[in-house]
Amino acid sequence: MNQKKTPFSTYAVIGTMLFGLFFGAGNLIFPIQLGQLAGTSFWPALTGFLVTAIGLPLMGILAIALSGSNGLQDLAGRVHPLFGIAFALILYLTIGPFFAIPRTATVPFVVGFEPFIQPEQSSLWLAVFSFIFFAIAYYFSLNAAKVMDIVGKYLTPAFLLFLSILIITAIAKPMGSFGEPTGDYSTLPFMTGFKEGYNTMDALGGLALGIVVIHAIKNMGITDKKAIAQATWKSGLFAMGLMMLIYGLITYMGASSVSITGTLENGGLTFAAVSQHYFGTFGAILLAIIIVLACLKTSIGLIIACSEFFYTIYPAISYKTYVLLLSMLSFMVANFGLTNIILYAVPVLMFLYPLAIVLILLGLSSNLFRHKPGVYAGAMILTFFVSTIDGYNALADTIPGVSHPLLETISNFYAACLPLYDIGLGWMLPAFIGAVIGYFWKQNSTAQSPVLSQKAENL
């Protein structure tokens, strides 16, 4: 029987859901900040940003679909079952209560409310706002299916409508010309934008939410493996194409704003200043409402995804209890403030992203080396040694006085020996060498999991 051709509307629906899951707090504040700092280096900085903020999330989703794995833990478990659990745990905590979920509350507060609050009262009102925000997120996260339908049909279109008004206004009436690039954007705009894309955490989200997309596709009656893969990349292209357009326009808005707003502490403050410049107090309030809704649906999606993951790991605690615990922990972290959340997320992301990128590339090419666990293990082990130092270097830059002689010696050795290390890509050669060693490493037949062995035999 011939597979019935899937209409474009199906891809659009899945793509809209995917866009709704991804586009939240970080997707608003980081491109506008990048625009301010990059200035006349707009294009190379934006291109680097899009590679990690658009390309990697799509590749992460495809890695789950094409590798035949049952989600992130299964894919990472090809290195070793314990690594699969540990990596998935760290990743879900990062896109969950430690950084990404708290950020969904702090961004709308900074953008929509903080400009109208006395600085000495900011902490108090952040606590009040974040408590109400996570109380609402907790309530709706208890009923996942109904909420995601509301998100796709109402909240996301409303957010896009108002955002488009702001963006069109900024393009029609530019605030000023691009300024000179600052900091690393003046010397390495592409790689600085590349690493800035880490802050969106969307590549990590692509690995974590890939299985959600696959389930949504199956629920629409698409069950053939090739058809699922085709629907995944077409839906992903729809979502990422929309995100790419919005990223570019928001970055332009930031680059043209410096002469009016000045360079502010974070992208949330910049967004608030730009919206207030064009629409005054009323526009800032209306924007705040839309951003609250946009960040709320992302928060709900992340709470649901994380709760379901933790429930599969330790089902002795109920799903509803995990929702409550994650909401409470996110509330507490949110009250450290947006700037601190961004600051302390950087070392973690510099550690995780090389591992995530290599895992994505392995998942995409898994058929080529017949899913050999040795390839996964070799590449990830050598990448781990480099990414650990990347995370340490970022931590030392974040917290003055944090240094260790041994780690400094290793960092200096890497800088001298590894190509591209100075631009954050020192992990590439070790990952390749580890994959080659793993491919030719003679393995005990009992070391390979029965599932992977069966998959290899069926190819």
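Every read-out reported here was derived from the displayed coordinates using simple, explicitly stated rules and does not represent laboratory data. Computed from a predicted model, the values in this text were never measured in an experiment. For neighbour counting, all protein chains shown are included, and Cβ atoms are generated from backbone atoms with ideal geometry for every residue, glycine included.
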Taking a ≥ b ≥ c as the square roots of the Cα gyration tensor eigenvalues, with a/c under 1.5 meaning rounded and otherwise prolate when a/b beats b/c or oblate if not, the stretch 341-386 comes out prolate
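Using only C-alpha atoms and all pairs of different ones, pull out the Kirkwood radius for the stretch 201-240 in Å with one decimal. Before the final figure, lay out each step's value.
Working: mean 1/r = 0.0960 Å⁻¹.
This gives a value of 10.4 Å.
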If you take the charge dipole of the chain about its Cα centre, with +1 on Lys and Arg Cβ and -1 on Asp and Glu Cβ, which of Thr187, Leu242, Ala394 is farthest toward its positive end? Leu242
Which ³J(HN,Hα) values in Hz, rounded to whole numbers, follow from the phi angles of the stretch 300-310 under the Karplus curve 6.51 cos²θ - 1.76 cosθ + 1.60, where θ = phi - 60° and Gly and Pro get x? 4, x, 5, 4, 4, 4, 5, 5, 5, 5, 5
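Quick one: pull the percentage of alpha-carbon pairs in the stretch 8-345 with a separation above 34 Å. Each step should come with its number before you reach the end.
Working: 11761 of 56953 pairs.
For the stretch 8-345, the share of Cα pairs beyond 34 Å comes to 21 percent.
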Pairs of lysine residues in the stretch 8-345 - Cα separation under 17 Å, sequence separation of 8 or more or cross-chain: 7
Rounded to the nearest Å, what's the spacing between the alpha carbon centres of the stretch 275-341 and the stretch 169-186? Just the number, please. 30
Gap separating the Cα centres of the stretch 1-53 and the stretch 196-227, nearest whole Å: 14
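Just to be sure I follow the definition: excluding the sites themselves, where is the longest run in the chain that has none of the trypsin sites (Lys or Arg not before Pro) in a DSSP loop with at most 15 other Cβ atoms within 10 Å?
Numbers: sites that count: Lys4, Lys5, Arg370, Lys442.
Counting at most 15 other Cβ atoms within 10 Å as exposed, the longest clean stretch of the chain is 6-369.
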Could you derive backbone 3J(HN,Hα) for the stretch 193-206 from the dihedral phi with the Karplus parameters 6.51, -1.76 and 1.60 (θ = phi - 60°), listing whole Hz in sequence and x where the residue is Gly or Pro? x, 4, 6, 5, x, 4, 5, 5, 6, 6, 5, 5, x, x
Magnitude of the charge dipole, the chain, Cβ model with Lys/Arg +1 and Asp/Glu -1, debye to 20: 1580
